[in-house]
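Shown next, in structure tokens, is the structure this report addresses.
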Amino acid sequence: MRGEVAIVGYGRTPYSRAKPGEPVVTVDEYLAWAADLALQRAGMTKNDFDGQGLAVSHAEVAHTVNWSAAVAENLGISPKVLLRGDQGGASAGSLLIRAAAMIHAGIVDRVLVIGADTPLNIPSVAPGLPLSPERSRGVFWDFQGPFGVMGATGQFGLIQTRYRHEHELTDEQLAKVAVTTRFHASLHPGAIYRTPITVDDYLNSRVLSSPLRLLDCVPIVNGGMAYVVTSAATARKVTDRPVYLLGFGEVNNYYRGSRSRPDVTYTGFAQCAPEAFRMAGVRHDDVDLFQPYDDYPFVVVMQLEDCGFCKKGQGGKFVEERNLRFDGDFPLSVDGGQLSGGQPGGAIGGFAPIVEATTQLRGEAGERQVRDATTAVALGFGGIPYGRPGRSCVTMIFGTEV
């Protein structure tokens, strides 16, 4: 399936913090908005997707059991194939793989993939907090809630503590990730946080869940994103800048070691990233930019290691020794990532690495453009199961040539 499909259009709505006085935009409105932006860039209309494919990423706001079909109705599309992603931050990548499989099988020729969420529109209860529906029963209340583990920050604080017990990782190395993403965000007109920060700003930010600080955490936003994927043949007809999917890998419910006591310093990228590189036929030195799922700087370190850019335990040193800026030797999160760009709900954040990789490879990133970029790696990362740092992992490798 190497190079058989390509992304030909993408869209990202403006993000909102839903401050008092700002217009209230619903999930359905964000979905339609993102879809329109992607279709305009692809030179297509909604009519081009009647009898084709529509893929919708599951939002965390309340909706019906047949919600994706309702989204198709709201958009005015009659798709032949309707896909739905419910793997959190891995959904956008997993939907791309499923869309590619549908196109490879000849079932459809193109798929519109969309996602949006409005966690800040929900009064008093935000997704991931103890009172939200998915946190109201089961593992959370049995094994986490009673001990004060409240959401992803509490869990990743524990995982980072374990990692630092086994491996060397300094605060200054983590600060470099945060400072770099903020610098890139300062160059992105759609980023939420655009004021540059320093290493001292990071080190002096208050601790939220030891050892995680305020500047370790993503700002939650409302927003939507979308992309259009087609067969390679169609892509070459509709655009002179297709972005090909060269390789991919996916794993769900990954663990290393025993199920009862897995090694929490490893993520599923240790399994799915090598698969993606083998399929793509590229080496790590061929990669021009790396778009991780950067909800915490520490997570970026683990992803660098598990994707094979360095050995386990050497991620901090790798960050320290490389120039991570867009004009450096290892451009990382060149859109500002989620750390400074914003995360539109945990379910939709995985669109951002795909959208930025596509933007860069099409040469449309403006002043943050990576020079002569031809190959990009993007990651999706979703869910934090009990005792493991990531329920679903997706690695994608994109290129300008097959």
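Bear in mind that the values in this text are calculations on the coordinates, not laboratory data. On a predicted model such as this, the values are computed, not experimentally measured, just so you know. Heads up, the Cβs are rebuilt from the backbone with ideal geometry, glycines too, and the neighbour counts pull from every protein chain shown.
Structure notes:
- The chain: C-alpha gyration tensor shape, a/c 1.5 cut-off, then a/b vs b/c: rounded
- Applying a DSSP loop filter and a limit of 13 other Cβ atoms within 10 Å to the trypsin sites (Lys or Arg not before Pro) in the range 333-389 leaves R371.
- Exposure proxy ranking, count of Cβ atoms within 10 Å, fewest first, for W33, W67: W67, W33
- Computed from phi, the 3J(HN,Hα) profile of the range 334-345 under the Karplus parametrisation 6.51, -1.76, 1.60 (θ = phi - 60°) reads 6, 9, x, x, 7, 4, 10, x, x, 10, x, x Hz, with x in place of Gly and Pro.
- Averaged over residues, the count of other Cβ atoms within 10 Å places the peptides 240-253, 203-216 in the sequence 240-253, 203-216, highest first.
- Global form of the range 265-369, assessed from the alpha-carbon gyration tensor, a/c cut-off 1.5: rounded
- Rounded, prolate or oblate (a/c below 1.5 giving rounded, otherwise prolate when a/b exceeds b/c) for the range 231-327 by Cα gyration tensor: oblate
- The chain, dipole about Cα centre (Lys/Arg Cβ +1, Asp/Glu Cβ -1), debye to the nearest 20: 520
- Order of F330, F381 under a 10 Å beta carbon neighbour criterion, fewest first: F330, F381
- Across the chain, Cα pairs under 8 Å and at least six residues apart give a relative contact order of 26 percent.
- Among residues other than G337 with Cβ under 11 Å from its Cβ, the summed charge is -3 (Lys and Arg +1, Asp and Glu -1).
- Burial ordering of T45, T374, fewest other beta-carbon atoms within 10 Å first: T45, T374
- Taking θ as phi - 60° and the Karplus parameters 6.51, -1.76 and 1.60, the scalar couplings of the range 104-111 work out to 4, 7, x, 6, 9, 10, 8, 9 Hz in sequence order, x denoting glycine and proline.
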